[in-house]
Amino acid sequence: MSRPIHFEIQADDLERAKAFYAEVFGWTFEDYGQFTGSPYWGVVTGAEDSPGINGGLLPRPAPAPGPGQGTNAAVLTMGVEDFDATAARIEAAGGVVALPKMALTGMAWQGYFLDTEGNTFGIHQPDENAA
């Protein structure tokens, strides 16, 4: 069974978003841009020995919906043991690739999909040999 292991928040202004979440929730941030090849901040939401998950903060890839146009939400990522097998199950169940499998060099394989309702979610297979 795959569980949520990571969330992502998209932002128009990364520094403003970091300041907001640090002030409101006490979250801290680590620069993961060397793994992603683009601006990406790891979000640390608490101690490793307490319940919860950590996440990421990244530039918004498209304009945010305007007021009254629906939810502008965070993206949840599930940890998986086999990226390719999980991707095949997603597509067989009616899901669609949103962003194809990519290497987070030296860390993992990551990809994004749309579920049957149009919601974006990610899958993540740890692999230190990803390149």
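Read-outs: derived from the displayed coordinates by stated rules, not from any lab. Everything numeric in this text was worked out from a predicted model, so none of it was measured. Cβ sites come from the backbone with ideal geometry, for glycine too, and all protein chains shown count toward neighbours.
For the chain, adding -39500 (n - 2.57) for each run of n ≥ 4 DSSP H residues and dividing by the number of residues yields -5500 deg cm²/dmol at 222 nm. Average projection, convex hull of the Cα set of region 14-131: 8.7 square nanometres. Radius of gyration (Cα atoms) of region 76-131, expressed as a multiple of 2.2 N^0.38 Å: 1.06. Note on Arg89/Ala62: beta-carbon distance plugged into 1/(1 + (r/R0)^6) with R0 of 35 Å gives a FRET efficiency of 0.85. Multiplying the residue separation of Ala22 and Ile53 by 0.36 nm and subtracting their alpha-carbon distance yields 9.6 nm.
Measuring nothing but how far apart in sequence close Cα pairs (under 8 Å, 6+ apart) lie, relative to its length, region 38-110 scores a relative contact order of 16 percent. Each Lys and Arg adds +1 at its Cβ and each Asp and Glu adds -1 at its Cβ; summed about the Cα centre, the chain shows a dipole of about 300 debye.
Beta bridges from DSSP with both residues in the chain: antiparallel share about 70 percent, rounded to the nearest 5.
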